[in-house]
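Beneath this line is the structure, given in structure tokens, with notes to follow.
Throughout, read-outs are computed from the coordinates displayed, never taken from laboratory work. Computed from a predicted model, the values in this text were never measured in an experiment. FYI the Cβ positions are ideal-geometry reconstructions off the backbone, even for glycines, and counts take in every protein chain you see.
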Amino acid sequence: MNNKWWQKEVVYQIYPKSFYDSNNDGIGDIKGITSKLDYLKNLGITMIWICPIFKSPMDDNGYDISDYFDISEEFGTMYDLRELIDKAKEKNIKIILDLVINHTSDEHPWFKEALKNPESKYHDYYIFKNGKSVPNNWRSVFGTSVWEKVEDRDEYYFHAFGKKQPDLNWENPELRNELYKVVNKWLDFGIAGFRIDAITFIKKDLTFKSIEADGVDGMAKCTKVSRNQKGIDVFLKELRANTFSKYNCVTVAEAPGVEYDELSNFIGEDGYFSMIFDFKYADLDVKSGSEWFKRVNWTVKELNEKIMKSQISIQKTGWAANFIENHDQPRATTKYLIENERNNDAVKMLGAMYFFLRGTPFIYQGQEIGMINFERKSIGDFNDISSIDQYKRSIKEGFDEKDALHFINLRSRDNARTPFQWNNKKYAGFSTKKPWLKMNDSYININAESQIGKKDSIFEFYKSIINIRQNSKYSECLIYGKIEPIQTSDKTIGYIRHYNNIKIYCFFNFDNNETEEYFEGKYNETVLNNLDCEFIENGKLRLMPFQALMFTTI
Ligand code: GLC
């Protein structure tokens, strides 16, 4: 594929509620982001993705929008957003917003009108079914039935996520046009593009027939019948033609359910999007991302195979959006490193491993200082609606409360959503007021202030890998170069990046024992090493525990 501007970016994801609270109400805000632009510039990132900031009752923290054209009061004003975009631009940092167009909030005027007046055109903007009982056995992503009864009427509405998130009816052309206006208005406002939420859910199996149950509740995951369904291509092509294709923008889609052999439609040269997130290895610790009680024991070898399969499949046709964390995932340190979550060498090794894969790297707030999961002792300490649901489902499936709590402690989306740890003072310098979500106690030891400018810190390491990718003599190879998997020992992930005559071998030891690895050609020059020793001979090397080593060969 031809080189594109967005391939060069390093993206930083911000969960605005938890980044920085500028007005001390316990909730992060847009001005908070603006005030931390210097921090982000120093880190070296070039683009920011901000999770939803539009008006919302915040049932799913902004992924339930009640006004696409206004900003949620707790985050600030349109003026604040303008200021953020302008100030970021001065620092050569672009902004992308989160586009949630599979569903709205039940407090969106369209939905309110649809409920009030079933004859209005807005009724057909959503999916309603008449009947005296629940139309089918589909289970929503957040647990209960996808159907919610309309008060005082024998009617149900459809929601693939929470019950306060009714799905939009994409079969309606007028609704689709309204959504295109939303997209274009924000692109005209001066943002660089979008991360697009849950976009593979926009097409449903229109028979709405019950399917074989897959849980003790007698229900079945709705993803089988309302995600990436036949005919979705028509909507996605139309969406692109009416919006993104008219701008030089970037689009990163959350597109679960897309198989590797379909990738060219999604991210090929004329694909619907610039890139999509691949969740196949993010969810390797559970049987599925929506069943946290089905834990899976995984090995580094499997992780390696999954990553390489993903990379090779994407390389055939397009470009990857590489990540190890986001606002829906637990902290990568805890998930991938388990008992070594606080081992700085291991945290750096993990960071470098995914960062130099082929694609645009995404860093989630707090990842750059090695934030870890928390352990909550009570279900009352959780905010995330899917954690509360997973807790209830675990118990329904026969687990006791202790097990249920264990599952959600490991997987809760709140793990990533605790306030950013700026320093070791009260509330970690995030706010002077009690934050909206209970802090992670680790801030005493893990915080930005103690790492900035400190040689050997995780923050400085992230800064250095960004710098190597963006500004070194290896940049072209590390950005545009092809990726090729290599044979490694079971505890090591390895690949080669090559571009023209440059060949960079990359090895990452996930174990606390030494390993021996092999390579072809002659060692030339070290590109990256997270430790201060290296043992490289002709064609052979020894990796120390948790060592990340990258070098060129001739
Ligand atoms: C996406 C978002 C998640 C949200 C869901 C419903 O998966 O990343 O946070 O809850 O969509 O909008």
Angle, helix 458-471 long axis vs. longest principal axis of the chain, Cα atoms, 0 to 90°, nearest 10? 80 degrees
Hz values of 3J(HN,Hα) by residue in region 175-181 - Karplus curve (6.51, -1.76, 1.60), Gly and Pro given as x: 4, 4, 5, 4, 5, 4, 5
Return the whole-Å distance between the Cα centroid of region 476-542 and the Cα centroid of region 320-337. 23 Å
Under 5 Å between amide H atoms, partner at least 5 residues away or on a different chain: which partners does ILE71 have, H built in plane at 1.01 Å? LYS55, MET78
Angle in degrees between helix 385-396 and the longest Cα principal axis of the chain, rounded to the nearest 10: 80 degrees
Taking amide H atoms as placed 1.01 Å from N in the peptide plane, list the residues 5 or more away in sequence, or in a different chain, whose amide H sits under 5 Å from that of LEU99. ARG195, ILE196, ASP197
Degrees between helix 344-355 axis and first principal axis of the chain (Cα, 0 to 90, nearest 10): 70 degrees
Tell me, ARG358, ARG542 in order of fewest to most beta-carbon neighbours within 10 Å? ARG542, ARG358
If PHE382, PHE235 are placed from fewest to most neighbouring beta carbons inside 10 Å, the sequence is PHE235, PHE382
Among residues other than LYS121 whose Cβ falls under 14 Å from its Cβ, what is the net charge (Lys/Arg +1, Asp/Glu -1)? -3
Applying the Karplus parametrisation 6.51 cos²θ - 1.76 cosθ + 1.60 with θ = phi - 60° to the phi angles of region 51-66, what ³J(HN,Hα) value in whole Hz is obtained for each residue in order, glycine and proline being reported as x? 4, x, 10, 6, 3, 6, x, 6, 5, 10, 6, x, 7, 9, 8, 10
Can you give me the Cα centroid spacing of region 384-400 and region 117-186 in angstrom? 25 Å
Could you derive backbone 3J(HN,Hα) for region 190-207 from the dihedral phi with the Karplus parameters 6.51, -1.76 and 1.60 (θ = phi - 60°), listing whole Hz in sequence and x where the residue is Gly or Pro? x, 7, 8, x, 9, 9, 10, 7, 6, 6, 6, 8, 6, 10, 10, 6, 6, 6
Given the convex hull of the Cα atoms of the chain, what is a quarter of its surface area in nm²? 24.3 nm²
In whole Å and largest first, what semi-axes does the C-alpha gyration tensor of region 482-553 yield when each eigenvalue is scaled by 5 and square-rooted? 18, 13, 11
Quick one: order HIS406, HIS327, HIS108 by neighbouring beta-carbon count within 10 Å, fewest to most. HIS406, HIS327, HIS108
